[in-house]
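Heads up: the structure comes next, in structure tokens.
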Amino acid sequence: MKMRKVLALLAVCAFAVFALAGCGGSQNASSGSGSGAKVLKVGSSIDFAPFEFQDEGQKEYQGFDMDLIRAIGKEMGYEVEIQNLGFDGLIPALQGKNIDVIISGMTINDERKQNVLFSEPYYQSGLTMVVRSDEQGIKTFQDLKGKKVAVQMGTTSAAEVSKIDGVEVKTLNTPADCFMELKAGGVDAVVNDRPVNDYYITKSGATGVKALEEKLTAEDYGIAVGKDNKELQEKINAAFKKIKENGEYDKIFAKWFGEKK
Ligand code: GLN
């Protein structure tokens, strides 16, 4: 009788160990696919050149954020796996533990800090606007009163523009949708992150539109991890510090933005 009890207890223990191992998942960004490699599951909204984008016919996601997270992952000894998710689905995916980190030109702000932990800031950004080249009536953000403005869903642009009185806000899925709407005459302006607006105007050969100088906000981008994942936040900060010190960050910055501003 006694022996049977012991055996039963052993069986329960063994089962518990297997179950735990199976459920560990990527909670601590340590799941491997059985190969022993540590995988960092990264979520990003691949619609934000020059931070994250995909050239037609190319498999690889590219951009400043992509290079940065690959360098950080390498420094941490992790294999980086990037998933393309809609921007407003990134924080829910992190909370649901489908991904371990977000890198997506994501602005560090108090509202998001209630749901995620952010790394040290890695890029200084802010919001500007793009209008049609022949636009005469919009020179500053004050002029947006009574105008139609396109913004990307779930972004700081969407939040900030809705604070300006008398603006008709059109919320679209991607910055590309916003720019298309502007060119088609469906809106009078697009509010979006400065480096993305600048890249759109100067690098993607956009015609008939211009970016205005005035900045609505100054914002810092951060890498987000789960609210309960302080350990990963610290690992990322340590790796980030290392690549800043060893010149890797500067190299990546220069590749996408030229000289450091
Ligand atoms: N920086 C903006 C934000 O965090 C926009 C980011 C994005 O569209 N990828 O809301």
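Looking at (1) in contact (Cβ under 8 Å) with a residue 40 or more places away in the chain; (2) assigned to a loop (DSSP other than H, G, I, E, B); (3) open to solvent by 30 Å² or more (accessible area, probe 1.4 Å), which is the only condition A218 fails?
Exception for A218: condition (2).
Does I252 count as crowded, with 16+ Cβ neighbours inside 10 Å, closer than 22 Å to I82 by Cβ, at pLDDT 95 or above and more than 16 Å from the ligand (Cβ to nearest atom)?
So I252 passes the test.
Of the numbered conditions (1) hydrophobic (A, V, I, L, M, F, W, C); (2) within 16 Å of the ligand (Cβ to nearest atom); (3) not in a strand (DSSP E or B), A206 satisfies every one except a single condition; which is it?
(2)
When you look at S104, is it crowded, with 16+ Cβ neighbours inside 10 Å, of a type in the set (S, T, N, Q), modelled with pLDDT of 95 or more and assigned to a loop (DSSP other than H, G, I, E, B), yes or no?
So S104 fits the description; yes.
Collect the residues in region 145-177 that are under 19 Å from the mean Cα position of the chain (by Cα) and more than 10 Å from the ligand (Cβ to nearest atom), keeping them in residue-number order.
The answer is T171, L172, N173, A176, D177.
Within region 35-58, which residues are closer than 22 Å to D100 by Cα, part of a loop (DSSP other than H, G, I, E, B) and not β-branched (V, I, T)?
Answer for region 35-58, where residues must be closer than 22 Å to D100 by Cα, part of a loop (DSSP other than H, G, I, E, B) and not β-branched (V, I, T): S35, G36, A37, K38, S45, D47, F51, Q54.
Kindly indicate whether any position in region 49-56 is closer than 24 Å to S204 by Cβ, open to solvent by less than 70 Å² (accessible area, probe 1.4 Å) and under 10 Å from the mean Cα position of the chain (by Cα).
Yes, that holds for at least one residue.
Restricting to region 156-182, name every residue that is closer than 20 Å to A211 by Cβ, in a loop (DSSP other than H, G, I, E, B) and either among the small types (G, A, S) or out of contact with any Gly (no Cβ under 9 Å at 6 or more places or on another chain) (or both).
The one that is closer than 20 Å to A211 by Cβ, in a loop (DSSP other than H, G, I, E, B) and either among the small types (G, A, S) or out of contact with any Gly (no Cβ under 9 Å at 6 or more places or on another chain) (or both): I164.
State whether one or more residues within region 46-66 are touching a residue at least 24 places away in the same chain (Cβ under 8 Å), closer than 22 Å to E234 by Cα, more than 16 Å from the ligand (Cβ to nearest atom) and out of contact with any Pro (no Cβ under 8 Å at 6 or more places or on another chain).
no
Which condition from (1) in contact (Cβ under 8 Å) with a residue 60 or more places away in the chain; (2) away from the ligand (no atom under 14 Å from the Cβ); (3) open to solvent by 40 Å² or more (accessible area, probe 1.4 Å); (4) in contact with a strand residue (DSSP E or B) (Cβ under 8 Å, 6 or more places away or on another chain) is the one that P121 breaks?
(2) is the only condition that P121 fails.
Answer yes or no: is there a residue in region 124-144 that is within 16 Å of the ligand (Cβ to nearest atom) and part of a loop (DSSP other than H, G, I, E, B).
No, that holds for no residue.
The values are calculated or read from the model by the stated rules, or taken from the named source; none is laboratory data. As the structure is a prediction and not an experimental result, all values here were calculated from the model. We place every Cβ from the backbone using ideal geometry, glycine too, and count neighbours over all the protein chains shown. Areas reflect the complete protein model, heavy atoms only, side chains present, ligands, DNA and RNA absent. Shrake-Rupley method; radii C 1.70, N 1.55, O 1.52, S 1.80 Å.
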